[in-house]
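Taken together, the values in this text are just the output of simple stated rules run on the coordinates, not laboratory data. Source: prediction; values computed, not measured. Virtual Cβ from ideal backbone geometry, glycine too; neighbours counted across all protein chains shown.
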Amino acid sequence: MTEAPAVAGVPAEAPAAREDRLFAALANATRREVLRLLRERGPQPVQALADHFAMRRPSLSEHLKVLREAGLVSEERAGRQRIYRLEAAPLADVQDWLHPYERFWHDRLKGLGDLLDRMPDDAET
């Protein structure tokens, strides 16, 4: 994952801590659903998001806080409403982290395919 710049007077956060916060945010099905809604429907006020869940609004607010702290959503105030927007950049960090595993499985499956191609067909009876 990329190194976060230090803010004046505040030390930069360790990459491992950012990774942990990001993966913890993505580990919850409700938070993943919030991200899906924001991806598919664009920025939305809290109430529009809350309408999709069978939970009290303060509970959803806690999920939104976790997503904000992970950098996955941003919040903008518009009058009395808070509008949430997907911030997809941290997901590129997840993809970067997963890439070696994708390569691993691609290589394994290619090796299996090569092995199967070398085996005689059972159709010859």
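Computed quantities for the displayed model
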| quantity | calculated |
| --- | --- |
| Nearest-20 debye value, the range 15-118 charge dipole, Cβ charges on Lys, Arg, Asp, Glu | 480 |
| In range of the label at residue 41: residues from the range 56-97 whose backbone nitrogen is under 12 Å from the point 7 Å along Cα→Cβ | 84 |
| Contact order relative to length of the chain, as percent, for alpha carbon pairs under 8 angstrom and 6 or more apart | 22 |
| Among 113, 24, 58 the positive-end extreme of the charge dipole of the chain (Cβ point charges) | 58 |
| Folded to 0 to 90 degrees: helix 29-41 orientation relative to the chain principal axis, Cα | 80 |
| The chain: angle of helix 57-69 to the longest principal axis, Cα-based, in degrees nearest 10 | 70 |
